[in-house]
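Below is one structure, written out as C-alpha cells; comments come after it.
The values are calculated or read from the model by the stated rules, or taken from the named source; none is laboratory data. Fair warning: this is a prediction, and the values are worked out from it, not measured in the lab. Cβ sites come from the backbone with ideal geometry, for glycine too, and all protein chains shown count toward neighbours. Side chains are part of the model used for accessible areas, which takes the heavy atoms of the whole protein and leaves out ligands, DNA and RNA. Shrake-Rupley method; radii C 1.70, N 1.55, O 1.52, S 1.80 Å.
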Amino acid sequence: MIRLGLIGAGRWGRNYINTIAALDSARLVRLASRNPASRGLVGPECEVSTDWRHFIDAGNLDGVIVATPPSLHAEMAMAAVAAGIPVLVEKPLTLGLKEAIALRDQARARNGLVMVGHTHLFHPAFEELKRQAPRLGTIRAIEAEAGARGPYRADVPVLWDWGPHDVAMCLDLLQRSPREVRASREAHERVGGAEAETIRLDLDFGDGLRARIQLSNLIDKTRRFAVRCDAGVLVYDDITRDKLVLEQEGKSTPIKVSPELPLSRVVEAFMATISAGKDRTASLDLAVEVVAVLERCAGTLPEP
C-alpha cells in the first residue's frame, strides 16, 4: 500500500482525493489545507494539517502530491525533494524557467523523483494517437484549441493556465522543442480582478512543421488536438464522445480507446515510479522544457 500525502484541497486537490480513494493500492494518509472544511473531504484515517512544512517534515510518506497555486510549486517540491520524498506536482511545474531549472538540479543532485501532472499525456486517446501517427506518414502540422468560460484567475495568466497541456503534447509527440515561437493576443477583457483573454501560439519546429494553438477562457469548453499527417488527420477531442478520430479521404472514423480516466493513470504512474525506483527524471525534464517554451512565448506577447 502506497501512503500518499496531498498539499492543497482546491478543485484539483479534490480531484486527487477522489482519485486516490478509488485506488486499491494507495491510501491518502495526510492532507495539508488551510480550509477548515477540508476535514470533511477525507476519512478519519487521514491526518489534516494547516502547515504543509510540518506535513513534509513529519515524513512517513511514500509520496506527496502538490495541488496548489503554481507560485507555490517550486518551494513545496524542493522541500519534498530535500526530505527524500517523491513528489507529483500539478502543471505548470513553475511560473519561470529559473525556478524550474533549480528544482531539476536539486532533484538530480539528490536522485529525487519529481513528476509533473501533464494529465493529457496519460489520456488513452493521446497515447493511441502517438501509436497511430507513424502509420500515417510524416507529421505536417498540429492545430490545437483549449479553453472554457473561466476560470478567471488573478494569480495565473491564461498562457500558463491553459498552455502547459498543449505544449507538453507537442513536445512529447514530436520529441523536440520549437526553433521559434510567437504569441499574440486575439481578445482581452477584465473579469473582476483577473484577465480574460484569447491567446494564439505559433510554434515553428522546422522543416515546415508548425503547431498553432489557441488558448482562451472566453469560449465554451474545448480541448481539441489535431495532428495532420501525410495520409490523414488524427483528432484527439476530450469533450466529444469519440475521443480519437481519424479523418481520411472525407470520412471520419472513430478509433476505440480505453475508458480509463487520465488522472487515475497519472497517480498510478507516480506510484509505479516510486516502487520501481527508475525513470525518475523523464517527466521533470519534459516539464522544464514546457516551462522554457511558455516563457519564450510570454516574452513575445505584447501587453494588453
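If the condition is being among the small types (Gly, Ala, Ser) and open to solvent by 50 Å² or more (accessible area, probe 1.4 Å), then the stretch 259-293 contributes ALA272, SER275, ALA276, ALA282. Based on this model, can you work out whether THR253 counts as at pLDDT below 95 and in contact with a Leu (Cβ under 9 Å, 6 or more places away or on another chain)? When the stated conditions are applied, THR253 does not pass them. Checking the stated criteria, ASP242 turns out not to satisfy the condition of being open to solvent by 30 Å² or more (accessible area, probe 1.4 Å), of a type outside the set (Lys, Arg), under 23 Å from VAL156 (Cα atoms) and at pLDDT 95 or above. State whether the residues of the stretch 7-17 include one that is of a type in the set (S, T, N, Q) and within 23 Å of the chain's Cα centre (by Cα). Among the residues of the stretch 7-17, at least one is of a type in the set (S, T, N, Q) and within 23 Å of the chain's Cα centre (by Cα), which makes the answer yes. No other residue among ARG140, ARG131, ARG135, ARG153 is at pLDDT below 95 and of a type in the set (Lys, Arg) apart from ARG153. Within the stretch 79-98, the set of residues being under 16 Å from SER283 (Cα atoms), part of a helix (DSSP H, G or I) and out of contact with any Asp or Glu (no Cβ under 6 Å at 6 or more places or on another chain) comprises VAL81 only. Scanning the stretch 144-159 for residues that are buried (at least 19 other Cβ atoms within 10 Å of the Cβ) and aliphatic (A, V, I, L, M) yields ALA144, ALA146, VAL158, LEU159.
Taken over the stretch 114-162, the criterion of being among the β-branched types (Val, Ile, Thr) and under 30 Å from ASP230 (Cβ atoms) is satisfied by THR119, THR138, ILE139, ILE142. Condition (residue is buried (at least 19 other Cβ atoms within 10 Å of the Cβ) and modelled with pLDDT under 95) applied to the stretch 223-234: is it met by at least one residue? No - not one qualifying residue is present in the stretch 223-234. The set of residues in the stretch 56-70 that are under 12 Å from GLY8 (Cβ atoms) and surrounded by fewer than 20 Cβ atoms within 10 Å (Cβ to Cβ) contains only PRO69. Considering only residues in the stretch 1-55 that are in a loop (DSSP other than H, G, I, E, B) and under 22 Å from SER71 (Cα atoms), the one that is most open to solvent (accessible area, probe 1.4 Å) turns out to be ARG34. Close Cβ contacts (under 7 Å, 6 or more residues apart or on different chains) running from residues in the stretch 99-111 that are open to solvent by 80 Å² or more (accessible area, probe 1.4 Å) to residues that are at pLDDT 95 or above comprise GLU99/ALA74; ARG110/VAL81. Exactly one residue out of VAL266, VAL288 is touching a Phe, Trp or Tyr at 6+ places or on another chain (Cβ under 9 Å) and closer than 22 Å to LEU93 by Cα, and it is VAL266. For the stretch 73-98, give me each residue that is open to solvent by 40 Å² or more (accessible area, probe 1.4 Å) and either more than 16 Å from VAL288 (Cα to Cα) or free of Cβ contacts under 8 Å to residues at least 12 places away in the same chain (or both). Matches in the stretch 73-98: GLU75, ALA82, ALA83, GLY84, LYS98.
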